[in-house]
Amino acid sequence: MSNEKAHRIVIVEDHSIMRAVLTRLIEREPYLSVSEQASSGEEALSLIADDPPDLVLVDISLPGMSGISLIQQLRERHPEILGLVVSGHKSSIYGQEVYEAGARGYVEKANAHAIIKAINQILDGKLYFEGIEIIE
């Protein structure tokens with residue numbers, strides 16, 4: 001990955017403490033930058049409309065619009081944006097559905113190392129679905 005320009009990431013997570021933790025984790029990497037944060041899908045779509053990031057990190061459980069619906073809308077409106085779901089739910093529950101919605105990966109929140117690994121793989125054009133096999 002090139003260090004010339006940091007990849008811009010938007011975090012969509014309804015818990016402010018988790019947004020802060022994810023921001024801190026991501027910004028430890030010199031080639032990654034959190035450009036925006038949103039607490040709902042609607043807020044994220046509004047933020048992203050004028051300045052799309054490289055990747056959107058999305059929680060599944062959001063107030064109003066679900067993370068899966070947000071991923072679907074992002075794929076329709078901004079197909080160039082990569083989506084990664086970071087959730088407290090086991091990947092076996094939502095992994096296939098998230099993939100079918102258009103996400104490039106799914107990782108559980110409790111695994112900080114896997115979150116960075118997933119971001120890197122997705123930015124390199126690969127899929128990252130922790131603990132499950134995706135049926136394409």
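Since every read-out is calculated from the coordinates, none of them should be taken as a lab result. Computed from a predicted model, the values in this text were never measured in an experiment. Glycine also receives a Cβ, built like all others from the backbone with ideal geometry; neighbour counts cover every protein chain displayed.
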| field | Other-chain or far-sequence residues with amide H under 5 Å of residue 34's (modelled H) | value | 9
| remark: Candidate cut points under trypsin sites (Lys or Arg not before Pro) in segment 4-107, DSSP loop plus at most 11 other Cβ atoms within 10 Å of their own Cβ, are 5, 28
| task | Work out the count of Lys pairs in the chain where the Cα-Cα distance is under 19 Å, with the pair 8 or more places apart or on different chains. | result | 5
| Amide H neighbours of residue 129 under 5 Å, counting only residues 5+ apart in sequence or on other chains, H built in-plane at 1.01 Å? | 106
| remark: Once Lys and Arg are counted +1 and Asp and Glu -1 for all other residues with Cβ under 12 Å from that of residue 126, the total becomes +1
| task | Between residue 90 and residue 17, take the C-beta separation as r, use R0 = 22 Å, and let me know the FRET efficiency to the nearest 0.05. | result | 0.55
| task | List the relative contact order of the chain as a percent without decimals, with contacts defined as Cα pairs under 8 Å and 6+ residues apart. | result | 20 percent
| said: So I have (i) 33; (ii) 22; (iii) 79, and one of them is percent of Cα pairs over 23 Å apart calculated from this model. Which one is it? | reply: (ii)
| Hey, what do the phi angles of segment 50-66 turn into as Karplus ³J(HN,Hα) couplings, whole Hz, using 6.51/-1.76/1.60 and θ = phi - 60°, x for Gly and Pro? | 9, 8, x, x, 7, 8, 10, 9, 10, 7, 6, 8, 10, x, x, 5, 6
| request: Could you tell me what % of all Cα pairs in segment 7-71 have separations over 17 Å? | output: 34 percent
| task | Would you calculate a helix-derived [θ] at 222 nm for the chain, using -39,500 (n - 2.57) for each DSSP H run of n ≥ 4 and dividing by the full residue count, to the nearest 500? | result | -12500 deg cm²/dmol
| query | Stretch residue 124-residue 75 to full length: gain in nm at 0.36 nm per residue minus the Cα-Cα span? | reply | 15.8 nm
